[in-house]
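S.K.: What follows is a structure written as structure tokens; I'll ask about it next.
The values are calculated or read from the model by the stated rules, or taken from the named source; none is laboratory data. Treat the numbers as computed from the prediction; the structure is a model and nothing was measured. Here Cβ is always computed from backbone atoms with ideal geometry, including for glycine, and neighbour counts include all displayed protein chains. When the accessible area is computed, the model is the full protein with side chains, heavy atoms only, and any ligands, DNA or RNA have been set aside. Shrake-Rupley method; radii C 1.70, N 1.55, O 1.52, S 1.80 Å.
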Amino acid sequence: MQLQGKRVLLAVTGSIAAYKAAHLTRLLVKEGAEVQIIMSTSALDFITPLTLSTLSKRPVYHQFHKNETGEWNNHVELGLWADIFLIAPLSASTLSKLAQGNSDNLLTATYLSARCPVMLAPAMDLDMYQHPSVRSNLAVVKEYGNIILDAESGELASGLSGQGRMMEPEHILKKIIHHFNKSKDFEGKKIMITAGPTQEAIDPVRFIGNHSSGKMGVALAENLASRGAKIDLILGPSHIEVNHPNIKISPVTSTQDMYKAAQAVHPHMDICIFAAAVADYTPADPAKEKIKKNEESMSIVLKKNVDIAASLGRVKKEGQFHIGFALETNQEEENAQAKLKKKNFDFIVLNSMNDSGAGFKHDTNKVTIFHQSGQKQVTDLLPKSAIADLIIDSLKKQLDPEN
Ligand code: PMT
């Protein structure tokens with residue numbers, strides 16, 4: 001019972017994902033939470049208050065007053081009662097009201113009155129989710145300090161497939177438990193993380209790159225930052241928005257830029273995580289001007305790039321901790337173990353291109369952690385934020401085996 005005595009105010013808005021609120025309520029109640037549910041009027045078209053009140057064992061509110069008596073459903077009291085306010089699913093329409101401070105219904109008025117942390121689990125079709133107005137409203141509410149539970153990818157009610165599904169109730173439950181358990185266990189730690197791809201110039205308009213999005217490294221940075229660490233995130237070209245007061249971003253392009261940025265901060269770091277997909281080779285002599293297509297074929301001579309992790313591994317000081325990643329397509333374990341030793345990592349996180357949903361670009365990953373001691377830890381396919389959590393818990397155990 002990991003949520004014993006915790007008060008969860010669960011708000012349900014009009015979305016096909018509203019049916020998942022029933023399962024989520026069951027999971028929360030099973031963990032010992034007191035769950036008070038409020039609904040927007042459009043949520044009533046998707047799930048009945050009777051279902052939710054039966055599962056939460058409390059009346060469900062959806063308007064400012066009780067019909068029978070005209071008595072007021074006090075949104076200020078509801079907002080103050082809760083230890084956490086969770087809106088799941090959150091529709092695009094309610095999201096825009098939250099961003100604007102619109103309080104035309106009980107749910108949005110309660111949101112404005114809540115003093116507790118707020119978690120938002122958006123659910124919508126993939127094109128709606130990517131629409132600039134929705135992206136900008138999400139950025140606005142994140143700026144207000146709300147915790148966004150990113151939509152997951154998969155089949156959508158429209159029949160399309162992509163990102164937009166409400167985070168699965170099991171994953172939301174984990175986030176809530178983590179939120180309450182989370183102490184500032186990395187307070188005072190300085191951590192460098194390399195993330196994203198590198199781009200190696202062929203000429204002023206072309207480059208050699210790779211498919212890394214930066215998601216895995218950013219998930220690690222956000223997890224550690226929320227646990228109190230100060231993060232130097234050295235990020236190759238990426239579209240991800242990162243916004244946390246504990247994260248300082250150094251945007252870089254090439255391997256050389258990434259190396260210079262990492263070398264500058266490395267001596268002051270307690271922990272370094274090498275999650276970037278770095279180019280092993282770079283054009284030996286990039287053209288100063290755009291290469292014209294005069295020839296039938298052309299060759300580019302490549303030279304070996306610096307290996308950032310190996311180079312910093314050679315100057316690793318007593319007490320510094322290095323975590324590496326390995327992205328493999330074949331002989332995965334053997335290659336990962338060889339990199340663990342060769343680059344002087346304390347542990348290495350293997351992700352394989354043979355596991356669907358793992359590695360580059362996905363919102364999910366599946367990894368195996370290999371420790372210097374020979375110990376091995378295999379995970380399921382999980383959102384990258386959950387994988388980051390497992391990696392950091394493993395790090396914590398290694399730094400502080402007693403706890
Ligand atoms: O960014 P995402 O889309 O979320 O994808 C995440 C990821 C797949 C990029 C990430 O999980 C990952 O596996 N990163 C490392 C990928 C990689 O390049 O692995 P590698 O086996 O080539 O390199 C081994 C280690 O050495 C890595 O820690 C790498 O950062 C580091 N390295 C490699 C080459 C180099 N020149 N310098 C390095 O520091």
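S.K.: Please verify whether the stretch 29-51 includes one or more residues that are among the aromatic types (Phe, Trp, Tyr), in contact with a Phe, Trp or Tyr (Cβ under 9 Å, 6 or more places away or on another chain) and crowded, with 17+ Cβ neighbours inside 10 Å.
M.R.: yes
S.K.: Can you find, within the stretch 297-308, the residue that is most open to solvent (accessible area, probe 1.4 Å) among those that are near the ligand (Cβ under 9 Å from one of its atoms) and touching a residue at least 40 places away in the same chain (Cβ under 8 Å)?
M.R.: Result: 306.
S.K.: Which one of the conditions (1) surrounded by 15 or more Cβ atoms within 10 Å (Cβ to Cβ); (2) under 24 Å from residue 343 (Cα atoms) does residue 264 fail to meet, given that it meets all the rest?
M.R.: That leaves (1) as the condition not met.
S.K.: Can I ask one more? Suppose we keep only residues that are free of Cβ contacts under 8 Å to residues at least 40 places away in the same chain and among the charged types (D, E, K, R) within the stretch 21-59. Which one would you say is farthest from residue 83 (Cα to Cα)?
M.R.: 45
Residues checked against (1) in the same structural domain as residue 174 (by TED's automatic domain parsing); (2) over 29 Å from residue 155 (Cα atoms):
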| position | (1), (2) |
| --- | --- |
| 1 | no, yes |
| 13 | yes, no |
| 18 | yes, no |
| 22 | yes, no |
| 26 | yes, no |
| 36 | yes, yes |
| 40 | yes, no |
| 43 | yes, no |
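S.K.: Taking residue 339 as the residue in question, decide whether it is within 7 Å of the ligand (Cβ to nearest atom), in the same structural domain as residue 386 (by TED's automatic domain parsing) and among the basic types (Lys, Arg).
M.R.: In short, yes.
S.K.: Now for a separate question. Which one is nearest to residue 376 (Cα to Cα) among residues in the stretch 310-331 that are surrounded by 14 or more Cβ atoms within 10 Å (Cβ to Cβ) and more than 10 Å from the ligand (Cβ to nearest atom)?
M.R.: If we take residues in the stretch 310-331 being surrounded by 14 or more Cβ atoms within 10 Å (Cβ to Cβ) and more than 10 Å from the ligand (Cβ to nearest atom), then 321 is nearest to residue 376 (Cα to Cα).
S.K.: Here are some conditions: (1) more than 8 Å from the ligand (Cβ to nearest atom); (2) polar (S, T, N, Q); (3) over 19 Å from residue 280 (Cα atoms). Residue 365 meets all but one. Which one does it not meet?
M.R.: All conditions are met except number (1).
S.K.: Let me ask you something else. Any idea how many residues of the stretch 143-172 are over 15 Å from the mean Cα position of the chain (by Cα) and hydrophobic (A, V, I, L, M, F, W, C)?
M.R.: Going through the stretch 143-172 one residue at a time, the tally reaches 3.
S.K.: Right, residue 220: away from the ligand (no atom under 15 Å from the Cβ), assigned to a helix (DSSP H, G or I) and either modelled with pLDDT under 95 or within 30 Å of residue 33 (Cβ to Cβ) (or both) or not?
M.R.: no
S.K.: When the stretch 342-357 is examined, which residues are found to be open to solvent by 20 Å² or more (accessible area, probe 1.4 Å) and near the ligand (Cβ under 7 Å from one of its atoms)?
M.R.: 343
S.K.: What are the residue pairs meeting all of these: first residue in the stretch 347-363, first residue in the same structural domain as residue 326 (by TED's automatic domain parsing) and acidic (Asp, Glu), second residue more than 11 Å from the ligand (Cβ to nearest atom) and assigned to a strand (DSSP E or B), Cβ atoms under 8 Å, and 6 or more apart or on different chains?
M.R.: Listed pairs, sorted by first residue: 363/152; 363/153; 363/163; 363/383.
S.K.: Scan 211, 244, 239 and give me the residue that is outside any strand (DSSP E or B), modelled with pLDDT of 95 or more and surrounded by fewer than 22 Cβ atoms within 10 Å (Cβ to Cβ).
M.R.: 211
S.K.: Further, regarding this structure: List the pairs whose first member sits in the stretch 368-382 and is assigned by TED's automatic domain parsing to the domain that holds residue 353 and closer than 16 Å to residue 351 by Cβ, whose second member is open to solvent by 60 Å² or more (accessible area, probe 1.4 Å) and hydrophobic (A, V, I, L, M, F, W, C), and whose Cβ atoms are under 6 Å apart, counting only residues at least 6 apart or on separate chains?
M.R.: 368/378
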